[in-house]
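Comments concern the structure below.
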Amino acid sequence: MMEIDARINELLQQLEPITLEQMSCIRLMNRTDTKFVTCKENLARLLELAQGKYYAQYNNDSKIADYMTTYWDTDGHRFFLEHHNGRAPRQKVRVRTYMDSNQSFLEVKTKNNHGRTKKKRMEVPSQEIDCQGANGAFVEGLVHQGLTEMHPTVRNRFHRITLVNYGKTERLTIDYDVRFHNMETGNDAETGPLVIIELKRDGNVYSPVLEILRTVRCASSHQGSVSIA
């Protein structure tokens, strides 16, 4: 496993960097999202084939970002069940921390019955948030239910690589080393060598990475929604 991690890091360093500021022009306001599931060996092959076609996002001296996310839910697990049952509209409430910059945001994601997703967020000091005041008002104004009626249920941590094609018409997020902690039971789990890829692109333009994904035999797990996130 250490050998494949080293190979991924080596290939990633060979990709031309792009900063967050340089990516600000990539709006993808009318985009198609497609998710793929694969393994680390195929990720290494993907990075080989992406050379000369894709930038790698670079932030805080690294091309690999470390994320921590805590999901909040009701006692009856309303948000989880709505997602699991494919209900629309549906929502998620979470606190996401970008570990490299130590920035945290309280976020509400809303997916409507047209497959469109919008994300609203406000910066908070840390993962441990106050349920009252501005935080409570922010959430209640969006989901019509206060944070005092919710609690943290699941926390995850993962590494993320973000690739952008040279034409800046699509963005590829690659998540791996995903670990979960169930905050209700105390149980932990991880995904091992599993890699989760999400392609966000303008549906009207050619996508160089789709052919690469077919070549490395990445399985598509979901396609659809036009979204803003």
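The values are calculated or read from the model by the stated rules, or taken from the named source; none is laboratory data. Every value quoted in this text rests on a predicted model; they were computed, and no experiment measured them. So basically every Cβ, Gly included, is an ideal-geometry build from the backbone, and we count neighbours across all protein chains shown.
Structure notes:
- For segment 138-153, a tally of residues being in a helix (DSSP H, G or I) and of a type in the set (Gly, Ala, Ser) returns 1.
- If you go through segment 186-229 and keep only what is assigned to a loop (DSSP other than H, G, I, E, B) and at pLDDT 85 or above, you end up with 186, 187, 191, 192, 193, 216.
- Odd one out for residue 77 among (1) more than 15 Å from the chain's Cα centre (by Cα); (2) over 20 Å from residue 183 (Cα atoms): (2)
- Segment 157-210, residues that are of a type in the set (A, V, I, L, M), in contact (Cβ under 8 Å) with a residue 40 or more places away in the chain and under 25 Å from residue 5 (Cβ atoms): 161, 163, 164, 172, 174, 194, 195, 196, 197, 199, 209
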